[in-house]
Amino acid sequence: MISKVLSGAVEGVEGLIVEVEVDIAKGLPAFSMVGLPEVAVRESKDRVKAAIKNSGYTFPNRRITVNLAPADLRKAGTGFDLPIAIGLLAASDICKSDTLLKYLIIGELSLDGSVKPVTGILPIVLFALEKGLAGVILPAANVQEGSVVDNLDIIGVNNLYQVVEFLAGKTSIQPAECRVGESLSASDIIGDDFSEVKGQEHVKRALEIAAAGGHNVLLEGAPGAGKTMLARRVPTILPDLTFAEALEVTKIYSVSGKLSDNGHGLVTSRPFRAPHHTISDAGLIGGGQYPKPGEVSLSHNGVLFLDELTEFRRHVLEGLRQPLEDGEVTISRAVSSMRFPARFMLIAAMNPCPCGYYGDSFHECTCSAVQIQRYKNKISGPLLDRFDIYVPVASVPFRDLSQKSDAEASVHIQDRVSRSRKIQTERFSRSKKIFCNNQMSSRHIQKYCELDSASNGLLENAVHSLGLSARAFNRIKKIARTIADMANSKEIQAEHVAEAVQYRRRKA
């Protein structure tokens, strides 16, 4: 007999329906699997056989053929164990059900028949909803993740026997409740706060502007000046994730197997990723034999912080140029091409020279001019040009360190940033790919960043005196637009342009 069960797979960060077809025919006992299964999928026949026997059912001792369709899509992971087992039982007339094709089934089987969790649940559940299925049968450990999707029955199961009884109508399982509102309100609490930062008012102002417009920042200063401390507090002033943004981030973390067990199955705070400088290009950008998201995608809708920028390998850093411009990463392989979202705010920190004290008022630099130039040449011009804001971070004087009063708290800065982002959301409401000023294209810059004669003259002088590129010219306009939004000004004024120009001046 032939049976068909619906399951799911992930390509990139998007879900797909996979039809598991099982045929049991006469002949010598054999178990063959077709449809481009990789090693973990091919090994499922041993897990399925043991699980069926240990669950009290009879394994068909005949010629078995399992087809995973579409046949040209490579199948990876262990999530096909449960649908294959159900397909075998259905083809053997053990699992009789009229609702079998109304549910998508996914899960890994233990040898005793219990169901283990798998990765990539959320993209598959979203696709099942899009295709109009009644529900998804998945491991109980994945219920929190799947239940963030409304209007779909999420059936959590613990073992194979429970699935068979449910499909046969002999037992009922209450679908999980969708608690999206509770999940978003249960945002992860971050302990760091800007109120703990003494001094560095100009750096705080620059980071506030960067957070308001989603701009990339390069912090340059002596060791111990507070570059890392300041960067790690940026997520506390970013606007809260919307539900759509939270879904995008959760899909990436689900596919990567990095979704933490936070009790509500949804990433509720903006990501902050700080990879070590020894990271490979595949680790940063993404890739592998079966491509997985890299740090740039794990930072989607959040912050990617690169500390000690000059210590990263040059070819690894050069890979950032495409995602910084396009907001996504395209990874091509011989058999397929995958896209991962990578719309993030880049913050990098570096010393001004090898010893770290060039230009510092408290320490003497011991580096020669040649050493300093060689050190700065580790970062290519095209990559430096993709930073919107350059901020010198000086050592904090004693009088600032010894003051007892706290600085402005992150929550107050976040309020101003959120108001500015709200203005930008309304401005770009008709565009599906632009959410903040930093993502504006040339067409949007021309439309929303008009300058009066005074502002235009000021910018013209800056371009000539600083030798700025066309990209830098546009980035100054974007920063000026953000500063104007923070000032609740519809028009970009000369003072907004003047401040934006200051953030493009980098110490030679």
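For the range 481-508, which positions are open to solvent by less than 20 Å² (accessible area, probe 1.4 Å) and either touching a Cys at 6+ places or on another chain (Cβ under 7 Å) or of a type in the set (S, T, N, Q) (or both)? Write out each step before concluding.
First, pick out the residues of the range 481-508 that are open to solvent by less than 20 Å² (accessible area, probe 1.4 Å): 481-485, 492, 496-497, 500-501, 504.
Passing the criteria: Arg481, Thr482, Ile492.
The residues of the range 343-374 that are hydrophobic (A, V, I, L, M, F, W, C), over 28 Å from the mean Cα position of the chain (by Cα) and open to solvent by less than 50 Å² (accessible area, probe 1.4 Å), listed by number, are Cys353, Cys355, Cys365, Cys367, Ile372. Scanning the range 354-375 for residues that are in contact with a Pro (Cβ under 7 Å, 6 or more places away or on another chain) and either hydroxyl-bearing (Ser, Thr, Tyr) or under 17 Å from Gly226 (Cα atoms) (or both) gives Gly356, Tyr358, Gly359, Tyr375. Among the listed residues Ser183, Ser254, identify the single one that is out of contact with any helix residue (DSSP H, G or I) (no Cβ under 7 Å at 6 or more places or on another chain), part of a helix (DSSP H, G or I), at pLDDT below 95 and hydroxyl-bearing (Ser, Thr, Tyr). Going through Ser183, Ser254 in turn, the sole match is Ser183.
Looking across the range 129-177 at every residue that is open to solvent by 30 Å² or more (accessible area, probe 1.4 Å) and part of a strand (DSSP E or B), the one that is farthest from Glu14 (Cα to Cα) is identified as Asn159.
Of the residues making up the range 44-79, those that are buried (at least 19 other Cβ atoms within 10 Å of the Cβ), small (Gly, Ala, Ser) and more than 19 Å from Gly120 (Cβ to Cβ) number 2.
When Asn377 is tested against (1) at pLDDT below 90; (2) exposed (fewer than 12 other Cβ atoms within 10 Å of the Cβ), exactly one condition is not met: (1). Condition check for Glu426 on (1) at pLDDT below 90; (2) charged (D, E, K, R); (3) within 28 Å of Arg270 (Cβ to Cβ): one failure, at (1).
With the condition kept exactly as written, say whether any residue in the range 448-470 is open to solvent by less than 30 Å² (accessible area, probe 1.4 Å) and in contact (Cβ under 8 Å) with a residue 60 or more places away in the chain. No, the range 448-470 contains no residue that is open to solvent by less than 30 Å² (accessible area, probe 1.4 Å) and in contact (Cβ under 8 Å) with a residue 60 or more places away in the chain.
Restricting the range 221-235 to residues that are buried (at least 22 other Cβ atoms within 10 Å of the Cβ) and out of contact with any Phe, Trp or Tyr (no Cβ under 7 Å at 6 or more places or on another chain), the residue that is nearest to Gly302 (Cα to Cα) is Val234.
Just to be sure, is Val296 in contact with a strand residue (DSSP E or B) (Cβ under 7 Å, 6 or more places away or on another chain), more than 30 Å from Ala140 (Cα to Cα) and at pLDDT 95 or above? Yes: the conditions hold for Val296. Considering every residue within the range 332-341, establish whether at least one is under 30 Å from Ser395 (Cα atoms) and hydrophobic (A, V, I, L, M, F, W, C). No, the range 332-341 contains no residue that is under 30 Å from Ser395 (Cα atoms) and hydrophobic (A, V, I, L, M, F, W, C). For the range 267-305, the tally of residues that are open to solvent by less than 20 Å² (accessible area, probe 1.4 Å) and of a type in the set (Ser, Thr, Tyr) stands at 3. Can you confirm whether Leu324 is under 23 Å from Ser299 (Cα atoms), among the hydrophobic types (A, V, I, L, M, F, W, C), open to solvent by 20 Å² or more (accessible area, probe 1.4 Å) and not in a strand (DSSP E or B)? Here the answer is yes, as Leu324 does meet what is asked.
Do the conditions hold for Val267, that is, is it modelled with pLDDT of 95 or more and either more than 26 Å from Val217 (Cβ to Cβ) or β-branched (Val, Ile, Thr) (or both)?
no
Just so you know, in the range 384-412 the residues that are open to solvent by 40 Å² or more (accessible area, probe 1.4 Å), assigned to a helix (DSSP H, G or I) and of a type outside the set (Asp, Glu) include one that is nearest to Arg233 (Cα to Cα), and it is Val411.
Just the residues that are within 30 Å of the chain's Cα centre (by Cα) and without any contact (Cβ under 8 Å) to a residue 60 or more places away in the chain, please, taken from the range 8-34. Correct list: Glu19 only. In the range 360-383, how many residues are small (Gly, Ala, Ser) and not in a loop (DSSP other than H, G, I, E, B)? Number satisfying all stated conditions: 2. Selection of first residues in the range 339-367 that are closer than 22 Å to Asp307 by Cα and of second residues that are open to solvent by 40 Å² or more (accessible area, probe 1.4 Å) and among the aromatic types (Phe, Trp, Tyr), restricted to Cβ pairs under 7 Å at least 6 apart or on distinct chains, gives the following pairs, ordered by first then second residue: Pro352/Tyr358; His363/Tyr357; Cys365/Tyr357; Cys365/Tyr358; Cys367/Tyr358.
The values are calculated or read from the model by the stated rules, or taken from the named source; none is laboratory data. Predicted model only: the values in this text are computed from it and were never measured. Please note: Cβ atoms are built from the backbone with ideal geometry, for glycine as well, and neighbour counts cover all protein chains shown. To get the accessible areas, we keep the full protein, side chains included, count just its heavy atoms, and leave off ligands, DNA and RNA. Shrake-Rupley method; radii C 1.70, N 1.55, O 1.52, S 1.80 Å.
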